[in-house]
Amino acid sequence: MSYQNLFKTLWDDYTRRNPHAKKVYDTFIARGETVANDHIALRTFNDPRVGVDKLGSIFEAYGYEEKGTYDFHAKKLFAKHYEHSDPAAPKVFISELLIGNFSHELQTSVKNCIDQIPLDTLTPEELINSATSWQLSHATYKKLLTESEYAAWLYAFGFCANHFTVNVNALHTFTDLADVNSFLKKNGFKLNAAGGEIKGTRQECLEQSSTLAEETTVKFSEGDKQIPSCYYEFAKRYPLPNGELYTGFIAASADKIFESTDVSNR
Ligand code: NI
């Protein structure tokens with residue numbers, strides 16, 4: 001498998017779960033745009049069997065290298081980002097929930113889930129596309145939600161792409177991110193307004209916005225429920241003082257972007 005095929009598999013699954021992302025993509029294409037992917041984001045737990053380093057190694061096997069680390073103290077997350085030597089390859093942002101900072105009950109729930117992943121038979125590529133290998137209970141989802149929105153989301157959706165990101169620099173018919181945002185709203189898409197529609201500044205060399213995650217039906221043992229799924233992100237990068245385009249991430253902005261899947265935001 002090439003890394004292009006790996007991203008194609010992740011994209012197909014992501015747009016199946018989030019039809020609005022495909023609609024946004026198609027809306028750009030209909031305008032005559034070429035949509036390049038700035039980065040994808042994956043979520044996981046800091047269990048060594050599936051943690052950031054484990055998932056990161058899957059991309060390293062395709063020629064990716066670790067380029068930055070990030071701490072999200074309030075949300076109790078740690079993250080790394082990876083880049084490929086081919087600048088056209090999307091960056092990969094992987095975060096993990098630091099489960100040791102949560103209740104014993106949450107830790108037990110998470111461990112139970114990971115114990116059920118058939119790690120012996122899954123290839124690394126299958127693991128990051130494996131969604132949930134565990135029985136889903138809505139009671140557990142609600143319980144996790146009281147401690148961490150991130151934990152609840154990961155419990156409900158498992159291993160998959162949390163979001164893809166339109167590379168705004170590669171669009172040629174928009175002047176800036178605000179212009180992209182107006183275009184999206186005019187076409188009926190809802191944006192995440194937590195912390196303002198645009199997170200980050202030109203001075204920080206990265207501006208990002210995102211749609212609000214749409215609701216999707218998840219099959220729980222108690223029956224089908226509608227819960228927030230994923231969002232689509234838009235990133236505009238600016239050059240550093242040395243003239244090179246900034247390729248990292250801004251923890252404070254990502255912190256707000258994480259809230260695009262918050263149940264309490266709608
Ligand atoms: Ni992102």
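The values are calculated or read from the model by the stated rules, or taken from the named source; none is laboratory data. Remember, it's a predicted structure, so these values are computed and weren't measured experimentally. We place every Cβ from the backbone using ideal geometry, glycine too, and count neighbours over all the protein chains shown. Note: areas computed on protein heavy atoms with side chains; ligands, DNA, RNA excluded. Shrake-Rupley method; radii C 1.70, N 1.55, O 1.52, S 1.80 Å.
Descriptive notes on the structure:
- Our summary gives the stretch 166-254 a relative contact order of 30 percent, counting only alpha carbon pairs under 8 angstrom and 6 or more residues apart.
- Carbon + sulfur, % of accessible area of the chain - ligands and nucleic acids excluded, 1.4 Å: 51
- Computed extension length for Asp12-Gln116: 35.0 nm, one decimal, from 0.36 nm per residue of separation with the Cα-Cα distance subtracted.
- When +1 charges are put on Lys and Arg Cβ atoms and -1 charges on Asp and Glu Cβ atoms, the dipole computed for the stretch 1-119 relative to its Cα centre reaches about 380 debye.
- Only beta bridges with both residues in the stretch 3-265 are counted; by DSSP, about 75 percent of them are antiparallel.
- For the options Trp134, Trp11, Trp153, a Gaussian network treatment of the chain with springs between C-alpha atoms closer than 10 Å singles out Trp134 as fluctuating the most.
- Surface accessible to a 1.4 Å probe, per residue, for the residues of the chain, Å²: 44
- Under 5 Å from the amide H of Gly68 lie the amide H atoms of His81, each residue being 5 or more positions distant or on a separate chain, with H modelled from the backbone and absent for Pro and chain starts.
- Distance between the stretch 131-178 and the stretch 66-126 - C-alpha centres, whole angstrom: 12
- The chain: relative contact order as a whole-number percent, Cα under 8 Å and 6+ apart: 20
- Most mobile of Thr15, Thr27, Thr121 in a GNM of the chain (Cα contacts under 10 Å): Thr121
- Alpha-carbon gyration tensor eigenvalues x 5, square-rooted, for the chain, Å: 29, 21, 18
- A Förster distance of 45 Å, applied to the separation of the beta-carbon atoms of Leu245 and His73, puts the FRET efficiency at 0.95.
- The phi-based Karplus calculation (6.51 cos²θ - 1.76 cosθ + 1.60; θ = phi - 60°) puts the 3J(HN,Hα) values of the stretch 240-249 at 6, x, 7, x, 7, 5, 5, 10, x, 10 Hz, whole numbers, x for Gly and Pro.
- Over 32 Å apart at the Cα level, from the set Lys143/Lys236; Lys22/Lys80; Lys190/Lys219, are Lys143/Lys236.
- Distance between the 7 Å Cα→Cβ label points at Tyr238 and Gln203: 0.9 nm.
- Candidates Lys199, Lys75, Lys185: whichever shows maximal mean-square fluctuation once the chain is modelled as a Gaussian network with Cα springs under 10 Å: Lys185
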